[in-house]
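Quick notes on the structure that follows.
The values are calculated or read from the model by the stated rules, or taken from the named source; none is laboratory data. In this text the structure is predicted, and so the values were computed from the model without any measurement. Note: ideal-geometry Cβ built from the backbone for every residue, glycine included; neighbour counts use all protein chains shown. Please note that ligands, DNA and RNA were not included when accessible areas were found on the heavy atoms of the full protein model with its side chains. Shrake-Rupley method; radii C 1.70, N 1.55, O 1.52, S 1.80 Å.
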Amino acid sequence: MKHRKLYAGIGGLVLASTAGIAGIQASNANESTTSSSARGNVQLEANLKSLNDSGAKGRVHAEFKGRKARVHIHARGLAKNLPHAQHLHFGADARNECPNVFDDANNDHRLNVVEGVPDYGPILKSLTTSGDTSPKSGLAVDRFPTTPKGVEKYERTINFAPGAVLRAIKSGKGVIVIHGVDHNGNGTYDFEGAGASELDPSLPAEATDPALCGVLR
């Protein structure tokens with residue numbers, strides 16, 4: 001329950017993400033579900049690079065077969081014994097890339113979730129370990145990986161709807177983001193490392209700050 005409370009404050013962002021993706025998908029509702037793009041097999045890779053001096057790194061491999069993708073994530077150096085929300089992001093109006101130091105709008109020397117959204121866009125898929133993978137599960141902290149030794153080995157098949165969004169992901173516009181940074185290295189998400197989250201002042205920023213990011217190419 002403690003970890004669930006940590007993530008409760010990002011509900012507004014997830015709802016906004018859901019609405020944005022729903023609008024994109026609705027605009028493509030009349031497209032053919034048998035397009036060659038939707039059927040084609042595509043191999044995508046992403047190098048996960050550290051954000052917020054997390055010290056973590058990793059790789060993602062996604063094998064698309066039609067509307068299904070087998071997603072493999074291998075990362076290490078993440079905060080130990082803590083849950084790490086992780087998502088596939090895409091936005092029609094986003095740059096569909098990872099943020100950098102120039103996106104630190106408030107000059108507090110760290111990147112928060114909101115500062116990164118113009119780069120990586122809203123949540124398209126929640127990379128949970130079981131159950132629902134929609135943006136609605138963006139807060140399902142009990143179904144995101146924990147890393148007892150700072151290492152994540154994740155594998156799951158994710159289903160996609162046909163249409164322009166799927167084609168955009170296959171063409172290299174999807175961004176993987178893993179959240180959760182123990183800034184002060186004390187083994188928990190607290191307010192001492194980076195203060196309050198920009199999403200909800202009752203939450204520590206450590207719980208929501210992005211730790212890793214990579215574009216699926």
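Table for the structure above
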{"read-out": "Over the stretch 71-217, relative contact order from alpha-carbon pairs under 8 Å, at least 6 apart, %", "value": "31"}
{"read-out": "DSSP-loop trypsin sites (Lys or Arg not before Pro) across the stretch 140-213, with at most 11 other Cβ within 10 angstrom", "value": "149"}
{"read-out": "Computed FRET value (nearest 0.05) for residue 103 with residue 80, which takes r as the C-beta separation and R₀ as 25 Å", "value": "0.35"}
{"read-out": "Surface share of carbon and sulfur [accessible, 1.4 angstrom probe, percent] for the stretch 119-173", "value": "51"}
{"read-out": "Amide H within-cut-off set for residue 182, under 5 Å, with H built and near neighbours excluded", "value": "79"}
{"read-out": "Dipole magnitude of the stretch 97-217, debye to nearest 20 (Cβ charges: Lys/Arg +1, Asp/Glu -1, about Cα centre)", "value": "940"}
{"read-out": "Contour minus Cα-Cα distance for residue 136 and residue 41 (0.36 nm per residue)", "value": "31.5 nm"}
{"read-out": "Linear extension gain, residue 68 paired with residue 114, 0.36 nm per residue minus alpha-carbon span", "value": "13.6 nm"}
{"read-out": "Debye, to nearest 20: dipole size of the stretch 76-148, +1 on Lys, Arg Cβ, -1 on Asp, Glu Cβ", "value": "400"}
{"read-out": "Solvent-accessible area per residue for the stretch 115-175 (1.4 angstrom probe, square angstrom)", "value": "37"}
{"read-out": "At R0 = 25 Å, FRET efficiency that the Cβ-Cβ distance of residue 155 and residue 50 yields, to 0.05", "value": "0.65"}
